[in-house]
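Notes follow once the structure below has been shown.
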């Protein structure tokens, strides 16, 4: 992982081995962080590539430099995790989205569920959190933030791969997914319920879609904690399965 500052660079502002930062990033680099010409920076284009660059020219609203190294798919997992979160209170939802980004998810879908206190989120605000978290953790691709009208509408558009549901009522531990998931897993759908967990109706709906229900342990976790715990365990399982497969 790089030990220098990370900045977003628009993909169309990269020409061969030369880059130009936008007005916002240029201001942050020169006026806030006061980085000087000749210093190294870490660049991400938000669509899957990271770069090691050196600052050459600094103007008030335009910073440019040269690219020294290119890192395709830097910080991105080998398995795409498509996360659905039952909408929770704003501060907790922001934390869940931030940590899901750091844990490497491919998409985040906010789903209004039966026990959701709120029915929608501030997408502009949440996307800012995603961009900031992506830069902070040095991954190279922004997760997609999506919405669904209901749990049913999200299930109607499932991605390829198993459907895993974390529920306080489940008896099978999430660690057992190690022996259940395919060794060369390319994608996985993960659902975390809102405060109060899923209703019987939602559980029935998920069962109809052949969901794997798993528990995160004996303690009842808040939704945002469940997101962090589940993604950490699933990421470890994916790595372990691939290593055992050679």
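The table that follows gives values for the structure above.
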| item | result |
| --- | --- |
| Top-ranked residue of the stretch 40-70 - restricted to ones that are at pLDDT 95 or above and assigned to a loop (DSSP other than H, G, I, E, B), ranked as surrounded by the most Cβ atoms within 10 Å (Cβ to Cβ) | 45 |
| Members of the stretch 78-101 found to be surrounded by 17 or more Cβ atoms within 10 Å (Cβ to Cβ), within 30 Å of residue 243 (Cβ to Cβ) and touching a helix residue (DSSP H, G or I) at 6+ places or on another chain (Cβ under 8 Å), listed by number | 79, 81, 83, 84, 85, 96, 97, 98, 99, 100, 101 |
| Number of the exception - residue 205 against (1) modelled with pLDDT of 95 or more; (2) under 18 Å from the mean Cα position of the chain (by Cα) | (2) |
| Test: residue 91 is without any contact (Cβ under 8 Å) to a residue 24 or more places away in the chain and within 30 Å of residue 153 (Cβ to Cβ) | yes |
| Within the stretch 95-133, considering residues that are under 8 Å from the mean Cα position of the chain (by Cα) and part of a helix (DSSP H, G or I), the one farthest from residue 235 (Cα to Cα) | 130 |
| Residue in the stretch 158-175 that is touching a residue at least 24 places away in the same chain (Cβ under 8 Å), surrounded by fewer than 18 Cβ atoms within 10 Å (Cβ to Cβ) and out of contact with any strand residue (DSSP E or B) (no Cβ under 9 Å at 6 or more places or on another chain) present | no |
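The values are calculated or read from the model by the stated rules, or taken from the named source; none is laboratory data. The shown structure was predicted, so the numbers you read here are calculated from the model rather than taken from an experiment. Positions of Cβ are backbone-derived with ideal geometry, glycine not excepted, and every protein chain shown enters the neighbour counts.
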